[in-house]
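Participant: I have a structure I would like to understand better, so I am pasting it below and will then ask my questions one at a time.
The values are calculated or read from the model by the stated rules, or taken from the named source; none is laboratory data. Quick caveat: nothing in here was measured; it's all calculated off a predicted structure. For neighbour counting, all protein chains shown are included, and Cβ atoms are generated from backbone atoms with ideal geometry for every residue, glycine included. Side chains included, ligands, DNA and RNA excluded: accessible areas come from the protein's heavy atoms. Shrake-Rupley method; radii C 1.70, N 1.55, O 1.52, S 1.80 Å.
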Amino acid sequence: MSEIKLPQFTEAAELSRGRNVRAGYARGWGLQFGDLKGQIDRDDLYNQAYRLAKGRTVVSEMNRMNLYLILRFGFAGLPPGHIVEFGAYRGGNALFMAKVCQVLHPEMKVYAFDTFSGMPAVDTGRDAHRAGDFADAGFDELRRVIDQHRLDNLVLVRGLFEDTAEAKLGEIGSVRLAHIDCDIYSA
């Protein structure tokens, strides 16, 4: 893991509802216009985690790099908790976060919520997707990848969010980061 130098003005900002707006601005600016992208491109942990996600995620490179910076630097001042991801699709982003957390935050688990079988029935008046979109999720194959890479901190939660979230969130307890990528209104 290499040293990454964040823009200096991120540390003085304070949290508001668990969020550091100035740090978010600094990350975005640093990725777009500064040298953060180059630093992350050379970071061993980022690259190890990305190899697990490659071909399995639709999260853009800049968003994944921003997420990496949050996982690496963004938890200072927050109470302990876990990560929840709503909309895991083929699990690439969840694999990425689990690998990073395994190294940086071994006490933290990543909970990936999805049907892992594609979109359910949708409301065609509201939703851009159709029933069955993302049906190539491959739950069993994802389980094998998790086992192969010994990511015992990654928990798959299979089902519709409205059927699984309330009970599972009660079990999980405190959430430190929620990554939400829901594609239909009912979710």
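Participant: Could you order TYR46, TYR89, TYR25 by accessible surface area, starting with the largest, using a probe radius of 1.4 Å?
Facilitator: Output order, biggest surface exposure first: TYR25, TYR89, TYR46.
Participant: Quick one: pull the percent of accessible area on the range 73-187 belonging to carbon and sulfur, 1.4 Å probe, ligands and nucleic acids left out.
Facilitator: 49
Participant: Evaluate Rg over Rh across the range 76-187, taking Cα atoms for both radii and Kirkwood's formula for Rh.
Facilitator: 0.98
Participant: Which value, in Å to one decimal place, does the Kirkwood hydrodynamic radius take for the chain when every pair of different Cα atoms is included?
Facilitator: Here the Kirkwood hydrodynamic radius works out to 17.4 Å.
Participant: Let me ask you something else. Once every DSSP H run of n ≥ 4 in the chain is given -39500 (n - 2.57) and the sum is divided by its residues, what mean residue ellipticity at 222 nm do you get, rounded to the nearest 500 deg cm²/dmol?
Facilitator: -12500 deg cm²/dmol
Participant: Here's another thing I want to ask about it. What ranking, highest mean first, results for peptides 82-88, 160-166 when packing means the other Cβ atoms within 10 Å averaged over each residue?
Facilitator: 82-88, 160-166
Participant: Which angle from 0 to 90°, rounded to the nearest 10, does the C-alpha axis of helix 44-53 make with the longest principal axis of the chain?
Facilitator: Roughly 10 degrees between the two axes.
Participant: Now, a different point. Per residue, how much accessible area does the range 69-187 have with a 1.4 Å probe, in Å²?
Facilitator: On a per-residue basis, the range 69-187 sits at 50 Å².
Participant: Also: Anything over 25 Å Cα to Cα? Flag those among LYS5/LYS99; LYS54/LYS168; LYS37/LYS99, in the order listed.
Facilitator: LYS54/LYS168
Participant: Based on the alpha carbons, how large is the Rg to Rh ratio for the range 14-103 when Rh follows Kirkwood?
Facilitator: Using only Cα positions, Rg/Rh for the range 14-103 is 0.95.
Participant: A further question on this structure: What is the magnitude of the charge dipole of the chain about its Cα centre, with +1 placed on the Cβ of each Lys and Arg, -1 on the Cβ of each Asp and Glu, and no other charges, expressed in debye to the nearest 20?
Facilitator: It comes to approximately 460 debye.
Participant: Highest mean first, what order results for 101-112, 48-59 on Cβ atoms within 10 Å?
Facilitator: 101-112, 48-59
Participant: Using Cα-Cα distances under 8 Å and only pairs 6 or more residues apart, what relative contact order does the range 71-146 have, in percent?
Facilitator: Contact order relative to length: 30 percent.
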